[in-house]
Amino acid sequence: MNMTKEKSETDSHIDDVTYNVFKVGEKEFLLPVDTVREIIDVSRIFPIPMAPDYIFGAVPLHGGRVIPAIDLSKIHPTGEPLYSSAKLVVVNAGKENIGFLSETIPYLVSFSPDIPVDGLINVEEFFETYRVKGPWHGRP
Amino acid sequence: MGDLDRSELIEYFIAEAEDYVNTLARGIQELEFGNQDTAQIEELFRAAHTLKGAAAIVKFNTIRNISHKMEDVLEALKDREMLATQPVVGILGYMLDVVKDLIQGIAEGKPEKTEVESDLITKAEAVINEAKSAQPEPSAPQVNAAALAVSAATSQVPAEENKWGKRREDSEFFTGNFIKYDVRKIEDMLNLIGEITIMKNYLIQKTKGTETIADEIFFSGRRLLKEVTNFAEKYAYSLPTNVKYIDPLLSEFGELEFDRYDELNLFSRKLQEITNDINEALATLSEFFDAFDLEVKQIGNMLTLLRYDITEMRMLEIGRLFQRFARPVKDLAAESGKVIDLKITGSDTKIDKIIFEKLFEPLMHIVRNAVAHGLETAEERISKGKSENGTLILSARRDGSSVQIEISDDGRGIDTQKLLKQAVSRNLLKADDELSEEEKLSLIFVPGLSTSATADMVSGRGMGMSAVSSKISDLSGTIEIINSENGTTFKIRIPSTLAITNAIVFKAGNMEFLITANIIEEVIQIDSSSDIVEPDMSMINYRGKHIQSRYFSELFGVPKAADDRSIKFAIVCNISDKKVAIIVDKVIAQEETIVKPLNEFLSGLYIYSGATISGDGTVRFVVNPARIFEAQSAPVELQSFPVAKPETGVVLVVDDSLSIRKYASSFLEQRNFTVLTASNGLEAFNILQDNDKIDLIMTDLEMPVMHGYELIGRVKESHKLRNIPIVVLTSRSADKHKDKALSAGASDFLVKPFDENTLSDILRKHFQLTA
């Protein structure tokens, strides 16, 4: 089952910024809504030997592409996550896609742009910081 | 290539004739509407002219003669000798219709019709004469006025009713054989084929699963049948007498009650029958699966063919890549004060567009090294007794599903002693280590080792041989070096396409991985006691030699499988000039699979070259053995290779007709010439600028962008190029053209369709060929 993002039009002001909120352990993370490509159910995640620990594994997408599923609990102090019925938030990073594991079905939230938000992920920055630099390499 | 038979030439002819016919059709329509723009008529004239030349080459004389007549009409229009009156435009349209019909016939495989010709030509001549005599003193305003009059006239007389007969209504001519297509769409199609292939594999897997179930049912059925039979045998006949002894309870029954046992009897017989029916049905099912299997396999074969055809569509000739080295080689040679002859063979070998793009950098590095370090200066060469000019040969040839590229120079070779010294000074080796020549040579692939003492201007820009080797291995290719004091040859083997990969699937622990088949030398079973040299499996015995190896599960930290056995498999691979082995728990299968490049986020994990999804949706990674063994030296094995045959010379063929270019190329290549081609004067002039080694130019006169006269003029103006002989190849047989060409500096004049003997004579004159 695929759930495509849907912008909630109710009680949001024109200037508001909408985020996709997902949960890992005790912590909530936010993604700008336009970076989210789709949210998919993951039944099987395949381990990637030699990858750093924050890469939980590989997930096949349509068209034969394979994307990494990232476990943010290995990067941020979130407490032990419960990925038993995990969703994968697939985001656009340039031409590529990567996925963040979430314990829950993500939901949308809108804020006025001048409110500072906690737990916001800048996808481009994340991609550059955490992309794998080499085998036997570990975390950045 | 060489042999280009007539049918192939006809294919080319039809492809290009379509373009010209459509140009003419559109132009004639414009004329009908009164648009008599000179540039427009010029374009039509050129289209008719080229069509004539192309037809002549494939000996379609009727098309040639009719288009020749069209050319005459258009020339008269161009030179303002007459006006595009309705009869003139009418006869042009009619001639074009006849040509269309003729080409259509040829495309359908029929011989060219000739009966229409003479009548049509006579009619055309009559129209021309009439039009010319009706022409008043031409001046621009009058022409415009006349054009308007024509326009008015044509609008009154519908084209269908003109006196030359009914005009065809479709203005777009299309024989249905050729179209132009966006490469990205081909990419999409290949992706789709990839998904279908995955589905097909999944189907095969499911069928196998179902077959197992069928087998189980079959087996259970037989057991049931056996049990029932036993039961029946035991009770059917013996019951009435024996049963009392078996079961004391039954002894209570009287004789009359035995009919119950008859029911039991009947029941067992029924069971027997049903079981037999089930078995029958299962046998039919099994037959069905056999047939089904066969059909799925056939789908597989068709998919392979389809994929092959579509892959072929995005293949490029490697000559276009080699051509890009001509300029840098010339410049680099000039910088280092050397004279180098660059020779190219096998230009028409085709290679996947993706590989084509990724090959430039590594090949450039090897070429640069050869020019800067390999080849000596003229003085040094003479003192060694070598020819004054150094030679660099780029060659390519197809070998099964791979392409073999060789970059070969006749320079001083790689100084292996220098490599050894560097390795020792960097503590990679001990000074007293005994190394064979091959082992020393393989040090060139160790990062940081180089034969040039300082990173000079030339090689300093390069990437290092270790990076070259990595780039080649990323393309699932291998590289080998053959080295001596008389030169170095780099032999590169790469798959001709990356779209679908033939790979070996192996198991490490519970996970499956792949290695592409073209780098695999052999898969052998190894026994821990005798074949493993080092206890950590870092070296094994392979055909009497010790080669480097790695135990995959341990290196990759894959959890061991429950049934860890002592017998393992070694996948022996060829990588940068050496053999290495990957030791795995189990080799499962060989399969054709779609490999997708690794996600950018993971691309740093260069030990994988891509990922694939198996039939049941499992993600499997493709392992790149070269990267596992990177930066380590090992014994080397070398093979001999065939030397490229000497070429007679390099000829540049300039003609706007594809048919003529193909025809001339095949004629020349059969005679061992290297052929470069250009479709107009400007393109030719650019090639001449980039290429020192052109011995002869064969050029047409009528061409778009820059015509032949201008090309001859430019060549003769150039100090560097003026000595290259120029043969004019044209369908303009008039003496004024011949005189003009020869006075401009052409050395020979050949009228199309040319006679092979005449061309041979001319070549003999310039190249001292043996007859």
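The values are calculated or read from the model by the stated rules, or taken from the named source; none is laboratory data. As the structure is a prediction and not an experimental result, all values here were calculated from the model. When we count neighbours, we look across all protein chains shown, and the Cβ atoms used for this are built from the backbone with ideal geometry, even at glycine. Keep in mind that these areas ignore ligands, DNA and RNA; they rest on the heavy atoms of the full protein, side chains included. Shrake-Rupley method; radii C 1.70, N 1.55, O 1.52, S 1.80 Å.
Quick notes on this structure:
- Overall Cα dimensions of segment B:703-771, principal axis frame, Å, largest first: 35, 30, 21
- Close amide H partners of B:Thr674, meaning residues 5 or more places away or on another chain with modelled amide H under 5 Å apart, are B:Thr648, B:Gly649, B:Val650, B:Val651.
- In plain terms, the chain from B:Leu306 to B:Glu357 could stretch by 16.0 nm, reckoned as 0.36 nm per residue minus the Cα-Cα distance.
- Estimated FRET transfer efficiency when R0 is 41 angstrom, pair B:Asn723-B:Lys545 (beta carbons, to 0.05): 0.15
- R0 of 60 Å, Cβ-Cβ distance B:Arg426-B:Glu75: FRET efficiency to nearest 0.05: 0.20
- Residues whose amide H comes within less than 5 Å of that of B:Leu750, counting only those at least five positions distant or on another chain, are B:Val728, B:Leu729, B:Thr730 (H built at 1.01 Å from N in the peptide plane).
- Linear extension gain, B:Val339 paired with B:Gln205, 0.36 nm per residue minus alpha-carbon span: 42.1 nm
- If the segment from B:Glu233 to B:Asp19 were pulled out straight at 0.36 nm per residue, it would be longer than the present Cα-Cα gap by 68.4 nm.
- Per residue of B:591-602, other chain Cβ atoms within 10 Å of the residue Cβ number 6 on average.
- Calculated SAXS-style log₁₀ I(q)/I(0) at q = 0.15, 0.21, 0.23 Å⁻¹ - segment A:22-130, Debye, Cα scatterers: -0.61, -1.26, -1.52
- Remark: segment B:11-18, residue by residue, has Karplus-estimated 3J(HN,Hα) of 4, 4, 4, 4, 4, 7, 4, 3 Hz, where x stands for each Gly or Pro and the curve is 6.51 cos²θ - 1.76 cosθ + 1.60 at θ = phi - 60°.
- Backbone amide hydrogens, once placed in the peptide plane, bring B:Tyr608 within less than 5 Å of B:Asn624, excluding anything fewer than 5 places away on its chain.
- Each of B:Leu419, B:Leu435, B:Ile344 was scored by the projection of its Cα onto the charge dipole of segment B:335-453, and the greatest displacement toward the positive side belongs to B:Ile344; charges sit on the C-beta of Lys, Arg, Asp and Glu.
- Taking Lys and Arg as +1 and Asp and Glu as -1, the other residues whose beta-carbon sits under 10 Å from that of B:Asp37 total -3.
- Shielded residues, segment A:44-79 - accessible-area loss of 50 Å² or more between chain alone and all protein chains, probe 1.4 Å: A:Phe46, A:Ile48, A:Pro49, A:Met50, A:Gly63, A:Gly64, A:Val66
- Counting every C-alpha pair in segment B:258-372, the share spaced more than 22 angstrom apart comes to 66%.
- The residues neighbouring A:Phe22, those whose beta-carbon lies less than 9 Å from its own, together hold a net charge of 0 under the Lys/Arg +1, Asp/Glu -1 convention.
- Charge context of B:Ala678, other residues only, Cβ under 9 angstrom, K/R +1, D/E -1: -1
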